[in-house]
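K.L.:
If you scroll down you'll find the structure; I have some questions about it.
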Amino acid sequence: MAAIEISGLDVVRGGRLVLRGIDLSVADSIVTGLLGPSGSGKTTVMRCIVGLQRYEGSVQVLGREAGEPLLRREIGYMTQSPSVYPDLSAGANVGYHAALHGRPRGSAAEAIDMVGLADRGGQLVGTMSGGERSRVSLACALVAEPRMLVLDEPTVGLDPVLRRDLWQLFRSMSGERGVTLLVSSHVMDEAHRCDELVLLREGRLLAHDAPDQLLARTGASEMEEAFLRLIETTPEVSR
Ligand SMILES: Nc1ncnc2c1ncn2[C@@H]1O[C@H](COP(=O)(O)OP(=O)(O)OP(=O)(O)O)[C@@H](O)[C@H]1O
Ligand SMILES: [Mg+2]
């Protein structure tokens, strides 16, 4: 069974159709990358999946309609701008989410460790850098140990070593724990870290395929090039 099943999804925001007829089936227990330029609709797709967006069409998540209260415990959502309390420490922020989800003592420290902030649990989040704050926000999503993680640009602004470590973490969560991950990025060089890619452009789904299949299909050697070729050869999005 697919973890996420979307059909005929249309979304209007600010009086404009920002998602147009999206059909998408996201497989269970793998890492799916949601890629596309700024404004293409990545965050909006995620908001639909986690139940925060009005839409037309059908969005089924783990066999239920998106937004059903029972799904809250199953999905960890990391928003694009960090959802954290600046006047609390990193430990208190993550501890709050741990308590909300009935996680044992020690789970907050573990999650903070996972995002590479082991020695920073006591620091006020308001005094942290943007990248650190976003990692605290990620730890808040991880600490609940949900079946599905929806992560909106989790690696933006991070150095290459941290990015590599986080992608290893995402891969191990899907490989070892069977977690389903949907991870957005507007950086094409993160594409090869994913099992499958969903490419969006101007609210439309341009392609959904494994990275090597996309390269083979377009005859491109890099994902950026593949993306450009797809745009050129897909009439309704080339305008
Ligand atoms: N609250 C809003 N009111 C009006 N328009 C909106 C609103 N939120 C988003 N939009 C528009 O919807 C479109 C899709 O936005 P979305 O945030 O989903 O894009 P994105 O792919 O996540 O971009 P980015 O990479 O910059 O985060 C954009 O054109 C944006 O301007
Ligand atoms: Mg976004």
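The values are calculated or read from the model by the stated rules, or taken from the named source; none is laboratory data. From a predicted model like this one, the values you see are computed outputs, not experimental measurements. Don't worry about glycine lacking a Cβ; one is built from the backbone with ideal geometry, like all the others, and counts go over all protein chains shown. To get the accessible areas, we keep the full protein, side chains included, count just its heavy atoms, and leave off ligands, DNA and RNA. Shrake-Rupley method; radii C 1.70, N 1.55, O 1.52, S 1.80 Å.
K.L.:
For region 190-210, give me each residue that is in contact with an Asp or Glu (Cβ under 8 Å, 6 or more places away or on another chain) and either open to solvent by 10 Å² or more (accessible area, probe 1.4 Å) or closer than 17 Å to Arg135 by Cα (or both).
P.N.:
Within region 190-210, Glu196, Arg204, Leu205, His208, Asp209, Ala210 qualify.
K.L.:
Could you check, for region 22-40, whether at least one of its residues is within 16 Å of ligand 1 (Cβ to nearest atom) and touching a Gly at 6+ places or on another chain (Cβ under 8 Å)?
P.N.:
The answer is yes; a qualifying residue exists.
K.L.:
Inspect all residues belonging to region 106-113 and state whether any of them is farther than 17 Å from Leu169 by Cβ and either of a type in the set (Gly, Ala, Ser) or surrounded by 15 or more Cβ atoms within 10 Å (Cβ to Cβ) (or both).
P.N.:
yes
K.L.:
Considering region 96-106 alone, what residues qualify as being within 19 Å of Met78 (Cβ to Cβ) and over 22 Å from the mean Cα position of the chain (by Cα)?
P.N.:
Ala99, Arg103
K.L.:
Being closer than 18 Å to Pro154 by Cα and assigned to a helix (DSSP H, G or I) is the filter; apply it to region 119-136 and report the residue that is farthest from the chain's Cα centre (by Cα).
P.N.:
Across region 119-136, the extreme among qualifying residues is Val125.
K.L.:
Starting from region 28-56, keep only residues that are more than 14 Å from Leu206 (Cα to Cα), then list their pairs with residues that are away from ligand 2 (no atom under 14 Å from the Cβ) and acidic (Asp, Glu) whose Cβ atoms are within a distance under 6 Å, requiring at least 6 positions of separation or different chains.
P.N.:
Going by the 6 Å Cβ cut-off, the qualifying pairs are Ile30/Asp195; Val31/Asp195; Thr32/Glu196; Glu56/Asp10.
K.L.:
Just name the residue that is farthest from ligand 2 (Cβ to nearest atom) out of those in region 1-24 that are without any contact (Cβ under 8 Å) to a residue 24 or more places away in the chain and small (Gly, Ala, Ser).
P.N.:
So, considering only residues that are without any contact (Cβ under 8 Å) to a residue 24 or more places away in the chain and small (Gly, Ala, Ser), the one farthest from ligand 2 (Cβ to nearest atom) is Gly15.
K.L.:
Could you tell me whether Thr79 is outside the structural domain of Arg193 (by TED's automatic domain parsing) and either modelled with pLDDT of 95 or more or closer than 28 Å to Leu158 by Cα (or both)?
P.N.:
Criteria met by Thr79.
K.L.:
Check every one of the strands (runs of 3 or more DSSP E) wholly within region 1-63 and list those with 2 or more residues that are open to solvent by 40 Å² or more (accessible area, probe 1.4 Å).
P.N.:
4-13, 16-26, 56-61
K.L.:
All but one of (1) surrounded by 21 or more Cβ atoms within 10 Å (Cβ to Cβ); (2) aliphatic (A, V, I, L, M); (3) not assigned by TED's automatic domain parsing to the domain that holds Leu228 hold for Leu124; which doesn't?
P.N.:
The one condition Leu124 does not meet is (1).
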